[in-house]
Amino acid sequence: MPKPPEALYLDRIATPVGEGLLVTDAEGFLRAFDWTTHEDRMHLLLRRQNPPTSLRDGRAPNAIRGALETYFAGDLGALSKIRWRTGGTDFQRAVWTALCTIPVGETVSYKGLARRIGKPSAMRAVGLANGANPIGIVVPCHRVIGSDGSLTGYGGGMDRKQWLLTHEGAAFRRAA
């Protein structure tokens, strides 16, 4: 008999850059964070990276909500307290884990991230894994920029990426 779908819970949170979507599981782990303007993308990533799931409305744990609220209020280290887990491939999870080693206020290039995971020639694959990150901000894919210091794509939108990096005090080259 097939295993029943895992129950995941969807909550919403106001942020300075738009309404955020939080998906948590029954054990209190954050499974996805995205923006209401990108909700379809979030659902796609959840379907691709997890066993069958059932998404229901439900409040995220106070620890997750509080850490996000505190981050947006200026405590930039607050996100490191959030417990998260993902599906995805071993390679994707290695990239996402490496993203969490980028300190607040710093950035890294795709090439630099590929080196961090011991795959220096896998820049394109690292970029694809970065783009498939289901837990934006907490798994800080926004801290990856071009080798020349320019902003590169971000699933939540370039305006948000610029805001997040500015909020964190990171250096980057602004678009002309």
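The values are calculated or read from the model by the stated rules, or taken from the named source; none is laboratory data. Owing to the predicted nature of the structure, the values given are computational and were not obtained by experimental measurement. When we count neighbours, we look across all protein chains shown, and the Cβ atoms used for this are built from the backbone with ideal geometry, even at glycine. Ligands, DNA and RNA are excluded from the accessible area calculation, which covers all protein heavy atoms including side chains. Shrake-Rupley method; radii C 1.70, N 1.55, O 1.52, S 1.80 Å.
Those residues that are in a loop (DSSP other than H, G, I, E, B) and either open to solvent by 90 Å² or more (accessible area, probe 1.4 Å) or of a type in the set (D, E, K, R) (or both), I need them from the range 2-59; list them, please. Give the steps one after another, and end with the answer.
Start the filter on the range 2-59 by keeping residues that are in a loop (DSSP other than H, G, I, E, B), which leaves 2-5, 16-17, 26-29, 50-52, 58-59.
Correct list: P2, K3, P4, E27, P52, R59.
Please find, among V104, V138, the residue that is part of a loop (DSSP other than H, G, I, E, B), of a type in the set (V, I, T) and closer than 24 Å to L46 by Cβ.
Selected residue: V138, the only one of V104, V138 that is part of a loop (DSSP other than H, G, I, E, B), of a type in the set (V, I, T) and closer than 24 Å to L46 by Cβ.
Out of all the residues in the range 82-106, which are touching an Asp or Glu at 6+ places or on another chain (Cβ under 9 Å) and open to solvent by less than 40 Å² (accessible area, probe 1.4 Å)?
Filtering the range 82-106 down to residues touching an Asp or Glu at 6+ places or on another chain (Cβ under 9 Å) leaves 83, 85, 104-106.
Hit for the range 82-106 is G105, nothing else.
Determine if the range 29-41 includes at least one residue that is of a type in the set (S, T, Y), touching a Leu at 6+ places or on another chain (Cβ under 7 Å) and under 23 Å from Q92 (Cβ atoms).
No, because not a single residue in the range 29-41 is of a type in the set (S, T, Y), touching a Leu at 6+ places or on another chain (Cβ under 7 Å) and under 23 Å from Q92 (Cβ atoms).
Test R65 against the stated conditions and say whether it is modelled with pLDDT of 95 or more, among the charged types (D, E, K, R) and either open to solvent by less than 10 Å² (accessible area, probe 1.4 Å) or part of a loop (DSSP other than H, G, I, E, B) (or both). Can you show your working first?
On the way: modelled with pLDDT of 95 or more: yes; among the charged types (D, E, K, R): yes; either open to solvent by less than 10 Å² (accessible area, probe 1.4 Å) or part of a loop (DSSP other than H, G, I, E, B) (or both): no.
No; evaluated as a whole, the condition is false for this residue.
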